[in-house]
1. Considering only residues that are more than 30 Å from S59 (Cβ to Cβ) and outside any strand (DSSP E or B), which ones fall in the range 146-197?
2. Please identify the pairs in which a residue from the range 104-122 that is on the phi < 0 side of the Ramachandran plot has its Cβ atom under 6 Å from the Cβ atom of a residue that is buried (at least 16 other Cβ atoms within 10 Å of the Cβ) and hydrophobic (A, V, I, L, M, F, W, C), counting only partners at least 6 apart or on another chain.
3. Sort out which residues of the range 77-92 are modelled with pLDDT of 95 or more and surrounded by 15 or more Cβ atoms within 10 Å (Cβ to Cβ), and write them in order of number.
4. Of all residues in the range 207-251, how many are under 21 Å from Q152 (Cα atoms) and assigned to a strand (DSSP E or B)?
5. Can you spot a residue in the range 126-145 that is of a type in the set (D, E, K, R) and part of a loop (DSSP other than H, G, I, E, B)?
6. Against the definition (in a strand (DSSP E or B) and loosely packed, with under 15 Cβ neighbours inside 10 Å), how does A74 come out, yes or no?
7. All but one of (1) buried (at least 17 other Cβ atoms within 10 Å of the Cβ); (2) at pLDDT below 95 hold for H182; state the number of the condition that does not hold.
Amino acid sequence: MHIYHNFLVYLTTLSVVPFTSLLATSFCDWHPVFGIESGVVISSDVGKSQTFPISDPSSEFYEYSRRSNTQTEAIYGGFAGAEWQAPCSWNLLLDVNYMQSTPFSVKGTLTQGVDVVSADSYDYKYKIIVRQLLIESKFSYVNTTRFRPYAQVGIGASFNRAYSFSTTVPPSLSFTRDYKNHTTSGFTYAVGAGLDIKIVDCLRAGVSYYFTDFGKVALGSASIDGTSVSGTLHQHTFYANEIFAQLTCVF
């Protein structure tokens, strides 16, 4: 019995020691990472045309026709996470990333009236700021001395703000729709690729491209001469292309 007990202890020692050693080695292979990034976001998907039809004989119709154009705004943010430096040709970086743009401008023509014959046209505009909080996975090819190409994917939440709605309708016309400022949260994702360049062992500079859907954007509740009405200007998706530079510190 004593011999059998010693044999069990020996087997347990053989199995536990390599396992704990593996855990310690794997833990040591993870390194904290912090970074900042800045660039441009390009979109031709700023705003959507929309119509609010006549709902009863005494009401008006409102037709918002967006002027389609491609806009470029600045985008900036940062990230923090950990990088697994695997004993192979690929490294894995997991991080939390926040990005925010400067304001996009939605502009268009508002046509309103009780019928097509009596309708008048005016200009309307409002602004949009897109914000994105992502959980990202970044796969880097490291079997080179200095250059590290990578692919990246992220999913998370957006917090997009639409605000400062205005029109050129004369103040004497009190039947024009007005909209409050509003921040909309929703699902967002981004996929892309890039290239990191090692400056020193703990510092890398890089350039990235992302295709992203910032999710839903919507103005707040609508009113006419202080009376609330249904419906608001919105879009379910806001597609964009991002090109930005990064500075990454690995500890």
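The values are calculated or read from the model by the stated rules, or taken from the named source; none is laboratory data. Given the structure is predicted, the values throughout are model-derived calculations rather than measurements. FYI the Cβ positions are ideal-geometry reconstructions off the backbone, even for glycines, and counts take in every protein chain you see.
1. Across the range 146-197, the qualifying residue is only R146.
2. That search, which allows pairs on different chains as well, returns F104/V46; F104/I128; V106/V46; Y122/L110; Y122/V169.
3. G77, G78, F79, G81, A82
4. 19
5. no
6. yes
7. (2)
Results for (1) modelled with pLDDT of 95 or more; (2) more than 30 Å from D120 (Cα to Cα); (3) part of a loop (DSSP other than H, G, I, E, B); (4) in contact with a Phe, Trp or Tyr (Cβ under 7 Å, 6 or more places away or on another chain), shown as yes or no for each residue.
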site	(1), (2), (3), (4)
N6	no, yes, no, no
Y10	no, yes, no, no
V33	yes, yes, no, no
S38	yes, yes, no, yes
V41	yes, yes, no, no
S55	no, no, yes, no
S58	no, no, yes, no
